[in-house]
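Engineer: Handing you this structure, nothing more for now.
The values are calculated or read from the model by the stated rules, or taken from the named source; none is laboratory data. Quick caveat, the model's predicted, so the values are computed rather than measured. As a convention, Cβ positions derive from the backbone with ideal geometry for all residues, glycine included, and neighbour counts pool all protein chains shown. With ligands, DNA and RNA removed, areas are computed over all heavy atoms of the protein, side chains included. Shrake-Rupley method; radii C 1.70, N 1.55, O 1.52, S 1.80 Å.
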Amino acid sequence: MTRDVILIVDDNQINQKLVAYLMTNHGYDVETAGAAESALEKIRARRPDVILMDIQLPGIDGLELTSRLKKDPATRDIIIVAVTAYAMKGDQDRAIAAGCDDYVTKPIDTRSLPETIARHLARRRGAS
């Protein structure tokens, strides 16, 4: 059985490392990217099952990247979970409108994030 691949897109390397450690410990293969451009390269090289998308990215932000991915037939079914430290009123609505499948705030809840990912993967498998 192949392991699910999670791409963590976050410009903060400490956040990347912490979330990568958490996801690896839950049995996922993990890739990381610090910006939208490198995320696109990683997606082309190895299509992830889930993307944990920081909203605040340099250059192309996470919502714009999500919108582009959801419009592309080759990537539209990738599960995208928006992750933000700057949770403002309306952010969750904007994330969902951009195409995110879910929304979590930083600091990451180490118990609920793996459960959220597992729930989305199970739902997708049930639909396929």
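Engineer: Mind listing whichever residues of the range 36-73 are small (G, A, S) and either crowded, with 19+ Cβ neighbours inside 10 Å or free of Cβ contacts under 8 Å to residues at least 12 places away in the same chain (or both)?
Structural biologist: A36, S38, A39, A45, G62 - these are the residues of the range 36-73 that are small (G, A, S) and either crowded, with 19+ Cβ neighbours inside 10 Å or free of Cβ contacts under 8 Å to residues at least 12 places away in the same chain (or both).
Engineer: Now a separate question. When you go through (1) farther than 19 Å from D101 by Cβ; (2) modelled with pLDDT of 95 or more; (3) in a helix (DSSP H, G or I) one by one for N15, which number turns out not to apply?
Structural biologist: Of everything listed in (1) farther than 19 Å from D101 by Cβ; (2) modelled with pLDDT of 95 or more; (3) in a helix (DSSP H, G or I), N15 misses just condition (2).
Engineer: Name every residue in the range 105-128 that is buried (at least 16 other Cβ atoms within 10 Å of the Cβ) and at pLDDT 95 or above, in order of residue number.
Structural biologist: L113, P114, T116, I117, H120, L121
Engineer: While we're looking at this one, here's another question. Could you count how many residues in the range 32-57 are closer than 13 Å to N15 by Cα and in a strand (DSSP E or B)?
Structural biologist: Residues in the range 32-57 being closer than 13 Å to N15 by Cα and in a strand (DSSP E or B): 5 in total.
Engineer: Of the numbered conditions (1) open to solvent by 80 Å² or more (accessible area, probe 1.4 Å); (2) within 12 Å of the chain's Cα centre (by Cα); (3) not β-branched (V, I, T), L18 fails exactly one; give the number of that condition.
Structural biologist: Result: L18 passes all but (2).
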